[in-house]
Amino acid sequence: MERNVLVLADIRNDKLRNVTFESLTAARKLADGGTVYGALLGKNVSGMADALAHYGADQVFVVENDVLANYVPDAFAIALETVIRESGAEVVLMAHSAIGRDLAPKLAARFEAGQVSDIVDVQMEGDKIVFTRPIYAGKAFTKNVITDDMVFATVRPNNLPAAEPDTSCSANVTTVSVDLPADSLRTFIKEVVKKSAGGADLSEAKIIVSGGRGVKSADGFKPLQELADALGAAVGASRGACDAGYCDYALQIGQTGKVVTPDLYIACGISGAIQHLAGMSNSKVIVAINKDPEAPIFKVADYGIVGDLFEVVPLLTEELKKL
Ligand code: FAD
């Protein structure tokens, strides 16, 4: 059954995140011969339209406005609502990011439509869309069969495959202007203060070296950073390490932190509490380094090293540097 599917581009630091391309690939499948739309909301974003076309967007709606330079909930909701009404989209996909988590339910309520969060798989069963999403901190999965005429879904990064881009396509762009008067916005951004830890995009990293309370201090993260550098990895942390002040909360992985699905997750000095597992247990390969052989992290680990991280991690780095 043909459907019109719209993908909201996920932009960070003036770049499209991969989850946009993963969502467009899923959108092609869901459209089943219908139209795939891309939506670019922001300031100076029109230059990204071709990239959306390369991954399957038949038409790209561009809303440029100074107010959209940062995420302002009311402004983004108005802009996206306008694009959805213009496109007639029946399925709307966006990243399961802080923005998507805020925007999807807001828009679903406005359209009185259904919403599924944090999808990791998309299938068609006959005419019906089936979204798979993890529950119970990743211990089980539910399949959600969509019966509503319209649905919003947020897509967990790094789970759906992205198609090979067709760089011969160029975008069919529709520019949409929206009126965003200041008195219609209940919040606005006065200043953006970037955290120093914000360099690596943990949600999209292919390899993560993560530290827990076992690193014992901020300095204890140094060997982990060296291992990460040798692997081209990002550094993450447990809440235990963040609460202890060893690192910034921007690094926190887990139920109340970031959800990650890298190809390789190396947990160093992390016990493996259920709230931490909620953020990383779907990683493709998990390596745990812990001096306690009974630590619960070993139950989810593919490879375990029982030992002192301050001995094991530098040895790993040394060996990797020889390669
Ligand atoms: P610990 O549990 O103290 O474990 C430290 C580990 O390091 C131990 O296993 C120890 O054997 C090992 N170790 C010590 N020294 C060494 C060494 N030299 N070499 C090797 N191993 C060593 N936690 C999260 O991580 N993310 C979340 O999002 C999150 N959300 C939460 C939400 C709620 C509502 C609640 C109640 C809790 C949440 N937590 C979260 C906290 C969680 O329950 C745990 O307290 C936390 O994950 C523990 O962090 P940790 O594993 O670093 O510390």
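Contact map, the range 158-171: first residue in contact (Cβ under 8 Å) with a residue 40 or more places away in the chain and under 13 Å from Thr20 (Cβ atoms), second residue among the hydrophobic types (A, V, I, L, M, F, W, C) and buried (at least 16 other Cβ atoms within 10 Å of the Cβ), Cβ cut-off under 7 Å, separation 6 or more or different chains; pairs are Leu160/Ala26; Leu160/Val122; Ala162/Phe21. Scanning the range 188-205 for residues that are within 17 Å of Ile266 (Cα to Cα) and either at pLDDT 95 or above or within 16 Å of the ligand (Cβ to nearest atom) (or both) yields Leu202, Ser203. Among the residues making up the range 58-116, those that are of a type in the set (Gly, Ala, Ser) and assigned to a helix (DSSP H, G or I) are Ala69, Ala75, Ala77, Ala79, Ser87, Ala98, Gly100, Ala104, Ala108, Ala109. The test for being modelled with pLDDT of 95 or more and charged (D, E, K, R) does not hold for Asp127.
Annotation for the range 73-92: at least one member residue is closer than 18 Å to Arg156 by Cα, out of contact with any Pro (no Cβ under 6 Å at 6 or more places or on another chain) and not acidic (Asp, Glu).
Listed here are the residues, each with its yes/no results for (1) farther than 21 Å from Leu24 by Cα; (2) out of contact with any Phe, Trp or Tyr (no Cβ under 7 Å at 6 or more places or on another chain).
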{"position": "Asp102", "(1), (2)": "no, yes"}
{"position": "Lys139", "(1), (2)": "yes, yes"}
{"position": "Asn144", "(1), (2)": "no, no"}
{"position": "Arg156", "(1), (2)": "no, yes"}
{"position": "Asp166", "(1), (2)": "no, yes"}
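The residue that is farthest from Ile99 (Cα to Cα), among those in the range 231-286 that are in contact with a Pro (Cβ under 8 Å, 6 or more places away or on another chain), in contact (Cβ under 8 Å) with a residue 24 or more places away in the chain and not hydrophobic (A, V, I, L, M, F, W, C), is Ser271. Being without any contact (Cβ under 8 Å) to a residue 12 or more places away in the chain and farther than 20 Å from Lys43 by Cα holds for only one residue in Lys222, Lys194, Lys216, Lys190, and it is Lys222. Scanning the range 1-58 for residues that are within 18 Å of Gln123 (Cβ to Cβ), surrounded by fewer than 24 Cβ atoms within 10 Å (Cβ to Cβ) and β-branched (Val, Ile, Thr) yields a single hit, Thr25. Examine the range 226-245 for a residue that is polar (S, T, N, Q) and either surrounded by fewer than 22 Cβ atoms within 10 Å (Cβ to Cβ) or at pLDDT below 90 (or both), and state whether such a residue exists. No, the range 226-245 contains no residue that is polar (S, T, N, Q) and either surrounded by fewer than 22 Cβ atoms within 10 Å (Cβ to Cβ) or at pLDDT below 90 (or both).
Leu309 meets all of the listed conditions (1) surrounded by fewer than 21 Cβ atoms within 10 Å (Cβ to Cβ); (2) within 7 Å of the ligand (Cβ to nearest atom); (3) of a type in the set (A, V, I, L, M, F, W, C) but one, namely (1). No other residue among Leu264, Leu231, Leu315 is away from the ligand (no atom under 13 Å from the Cβ), hydrophobic (A, V, I, L, M, F, W, C) and more than 28 Å from Pro134 (Cα to Cα) apart from Leu231. The set of residues in the range 267-299 being more than 9 Å from the ligand (Cβ to nearest atom), surrounded by fewer than 18 Cβ atoms within 10 Å (Cβ to Cβ) and not in a loop (DSSP other than H, G, I, E, B) consists of Val285, Lys299.
For every residue, the table says whether it meets (1) in contact (Cβ under 8 Å) with a residue 60 or more places away in the chain; (2) of a type outside the set (Asp, Glu); (3) over 30 Å from Gly257 (Cα atoms).
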| position | (1), (2), (3) |
| --- | --- |
| Gly34 | no, yes, yes |
| Leu52 | yes, yes, no |
| Asp66 | no, no, no |
| Val72 | yes, yes, no |
| Val83 | yes, yes, yes |
| Ala98 | no, yes, no |
| Ala104 | no, yes, no |
| Met124 | yes, yes, yes |
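The values are calculated or read from the model by the stated rules, or taken from the named source; none is laboratory data. Please read these numbers as outputs of a predicted model, since none were measured by experiment. For neighbour counting, all protein chains shown are included, and Cβ atoms are generated from backbone atoms with ideal geometry for every residue, glycine included.
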